[in-house]
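*Asks:* Let me begin by handing over the structure; questions about it come next.
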Amino acid sequence: MSFARLAASLVVLLIGACATGATPSATPTSTAQTPTGSPAATASPAGTSLTVYSGRSEELVAPLLAQFTQATGIGVSVRYGDTAELAALLLEEGANSPADVYFAQDAGALGAVAAADMLAVLPEELLARVADGFRSPAGEWIGVSGRARVAVYDSRELEPEELPASILEFTDPQWRGRLGWAPTNGSFQAFVTAFRVLRGDAAARAWLEGIVANQPRRFDGNTQIVQAVADQEIDIGFVNHYYLLRALDEQGPMFPVRNHFFAADDPGALINVAGVAVLETSTRQAAATRLVEFLLGPQAQAYFAAETFEYPLVAGVEQPAGAPGLSEIGGPPIDLSDLSDLQGTLRLLTDTGVLP
């Protein structure tokens with residue numbers, strides 16, 4: 001894929017991100033700010049400071065990076081933003097980017113930056129900590145936490161055996177008026193991109209048109225979908241697995257919603273990752289690699305499981321409470337780097353009337 005095509009793809013994605021309420025501004029934010037608004041690095045006794053572009057939120061990432069600095073003495077300056085926005089910024093900056101590390105919310109954005117030959121190959125010892133399906137085949141990025149696509153359902157109205165093994169079956173008219181989705185959500189769009197990769201554009205179009213015919217309720221985010229099921233506004237919603245786990249943690253086991261996992265080879269069983277990469281142009285690659293190593297360590301992996309209910313991707317770390325293991329879910333066979341064609345997905349969502 002050419003650089004121009006990559007940049008065009010991500011510009012279109014940014015339009016979609018703005019539609020979700022993501023901030024389009026490239027102004028950096030960080031855990032500490034200088035008076036001019038530029039990121040201020042955490043103090044580093046060792047005199048080294050990394051610049052991280054983070055598509056993961058400050059609320060989630062700041063505590064982890066503080067732990068990293070405390071453990072290593074390496075300071076961190078963070079530019080927070082939308083994952084796609086930061087990927088587009090990296091492509092625009094090219095060899096002049098000040099970033100040392102890119103921490104992305106999804107693998108598609110990492111794949112887009114990798115396709116521009118901007119990422120360094122990570123050490124084999126680090127790559128070996130994560131299963132092949134959750135890292136770049138070329139070793140240019142690695143997943144640090146995982147999330148599974150599911151259907152949340154009203155356990156008062158439905159039994160597990162009443163739910164289909166494939167997400168494709170929700171185009172059946174019996175589900176008309178009973179479904180909910182969040183078409184502007186990045187995770188949903190990544191799922192549609194995976195659907196296209198796995199089954200082709202024609203099959204993805206047919207599924208989207210079938211769901212539209214079933215008159216689904218539109219929501220801005222996954223948390224609202226889970227609550228709508230609990231409030232009996234809908235019976236089924238398409239979300240990531242951890243939104244229900246958060247609700248159960250907050251409201252207790254009597255919360256009347258449950259996760260339904262699809263068959264392992266089904267597009268609905270996609271397991272996407274948040275991942276991290278080191279920029280090829282970084283002059284601090286050794287320190288940047290230490291940050292990658294920290295995010296793959298037991299402390300950070302346990303943090304993801306306990307704080308966000310995502311799946312840790314390194315063996316031996318306890319899974320989030322109430323979730324089946326990744327080996328039980330399986331997930332369809334897909335190179336997550338191929339999720340970079342979000343331009344085609346946005347065009348398809350518009351053509352089918354899912355997005356205006």
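The values are calculated or read from the model by the stated rules, or taken from the named source; none is laboratory data. Bear in mind the structure is a predicted one, so any value in this text is a computation, not a measurement. Every residue, glycine as well, gets a Cβ built from its backbone with ideal geometry; the counts of neighbours run over all protein chains shown.
*Asks:* Considering segment 184-213 alone, what residues qualify as being more than 20 Å from His260 (Cβ to Cβ) and under 15 Å from the mean Cα position of the chain (by Cα)?
*Replies:* The answer is Thr184, Gly186, Gln189, Thr193.
*Asks:* Just checking: which of the helices (runs of 4 or more DSSP H) contained wholly in segment 201-280 hold 2 or more residues that are without any contact (Cβ under 8 Å) to a residue 24 or more places away in the chain and under 28 Å from Gln301 (Cβ atoms)?
*Replies:* Helices (runs of 4 or more DSSP H) meeting the threshold: 242-251.
*Asks:* Show the residue pairs that are 6+ apart or on different chains and have beta-carbon atoms under 8 Å apart, the first residue being within segment 130-156 and under 13 Å from Tyr311 (Cα atoms), the second being charged (D, E, K, R).
*Replies:* What qualifies is Gly143/Arg135; Ser145/Glu310; Gly146/Glu310; Arg147/Glu310.
*Asks:* Taking the criterion of being surrounded by 15 or more Cβ atoms within 10 Å (Cβ to Cβ), among the aromatic types (Phe, Trp, Tyr) and out of contact with any helix residue (DSSP H, G or I) (no Cβ under 8 Å at 6 or more places or on another chain), would at least one residue in segment 290-308 satisfy it?
*Replies:* Yes, that holds for at least one residue.
*Asks:* Additional query: Hey, does segment 292-301 have a residue that's touching a strand residue (DSSP E or B) at 6+ places or on another chain (Cβ under 9 Å) and either among the polar types (S, T, N, Q) or within 28 Å of Ile167 (Cα to Cα) (or both)?
*Replies:* The answer is yes, given that some residue of segment 292-301 is touching a strand residue (DSSP E or B) at 6+ places or on another chain (Cβ under 9 Å) and either among the polar types (S, T, N, Q) or within 28 Å of Ile167 (Cα to Cα) (or both).
*Asks:* On to the next question. Which of the residues that make up segment 184-200 are in a helix (DSSP H, G or I) and either out of contact with any Pro (no Cβ under 7 Å at 6 or more places or on another chain) or under 18 Å from Ile236 (Cβ atoms) (or both)?
*Replies:* Those that are in a helix (DSSP H, G or I) and either out of contact with any Pro (no Cβ under 7 Å at 6 or more places or on another chain) or under 18 Å from Ile236 (Cβ atoms) (or both): Gly186, Ser187, Phe188, Gln189, Ala190, Phe191, Val192, Thr193, Phe195, Arg196, Val197.
*Asks:* Return a yes/no flag: does segment 333-350 have any residue that is in contact with a helix residue (DSSP H, G or I) (Cβ under 8 Å, 6 or more places away or on another chain) and farther than 23 Å from Ser187 by Cβ.
*Replies:* no
*Asks:* Would you check which residues across segment 110-130 are closer than 14 Å to Ser97 by Cβ and of a type in the set (D, E, K, R) and list them?
*Replies:* Once the filter is applied, which keeps residues that are closer than 14 Å to Ser97 by Cβ and of a type in the set (D, E, K, R), segment 110-130 yields only Asp117.
*Asks:* Scan segment 311-329 residue by residue and report those that are assigned to a helix (DSSP H, G or I) and either in contact with a Phe, Trp or Tyr (Cβ under 6 Å, 6 or more places away or on another chain) or modelled with pLDDT of 90 or more (or both).
*Replies:* Leu326, Ile329
*Asks:* On the basis of being at pLDDT below 95, of a type outside the set (S, T, N, Q), farther than 28 Å from Glu59 by Cβ and surrounded by 18 or more Cβ atoms within 10 Å (Cβ to Cβ), does Pro332 make the cut?
*Replies:* Yes; evaluated as a whole, the condition is true for this residue.
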